[in-house]
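These notes concern the structure reproduced below.
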Amino acid sequence: MEQRRGFWEALFDFTFTNFVALMIIRVLYWISIIVAFIFAIGVIVTGFSRSAGAGLLSIVLAIIVFFLSIIVARLYLELIAVVFRIEVHTRKIAEQDQVHPGSAP
C-alpha cells in the first residue's frame, strides 16, 4: 500500500496518484465560512445605513443567508470529497484484487 504523502509532494506529483483536493477541503470550508460571515456583516451594515427597520430585517435575512450559504458550501465540498474518496476506495479494491485474484463475492 502506498504511503500518504505531504501536501507539497502531492502538489508536484505529476503522476496524479495523490490528490490535493482532499487535503485542502478543510481550508476551503473555513474560507467559505469567513466569506459568508463577511457578506452577512455587510448586509447588516447596509441595512442599518438605510433605516432601523431595514437593519432589523437585514439581521434576520443575513442570518438565514449565512446558514444557507454554509450549507450549500458544505454540500459542494462533500460532493467533491465523495468523488475523490470513491477513487481511493476503488484503488484499494483493485489492489486487493491483484493480491487475491478471483476472491470477489
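Summary of computed values
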| item | result |
| --- | --- |
| Mean separation of Cα contacts under 8 Å (6+ apart) over length of segment 7-98, as relative contact order % | 27 |
| Fewest-first ranking of 66, 84, using other Cβ atoms within 10 Å as the exposure measure | 84, 66 |
| On Cα atoms only, tilt of 21-50 relative to the major axis of the chain in degrees | 10 |
| Option label - Cα extents along the principal axes in Å computed here, alternatives [x] 40, 29, 24; [y] 71, 34, 15; [z] 74, 24, 10 | [y] |
| Acute angle (nearest 10 degrees) that the helix 52-99 long axis makes with the longest principal axis of the chain, alpha-carbon atoms | 0 |
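Computed from the coordinates by the stated procedures, all read-outs in this text should not be read as laboratory data. Quick caveat, the model's predicted, so the values are computed rather than measured. Reconstructed Cβ throughout: ideal geometry from the backbone, glycine too, with neighbour counts over all protein chains shown.
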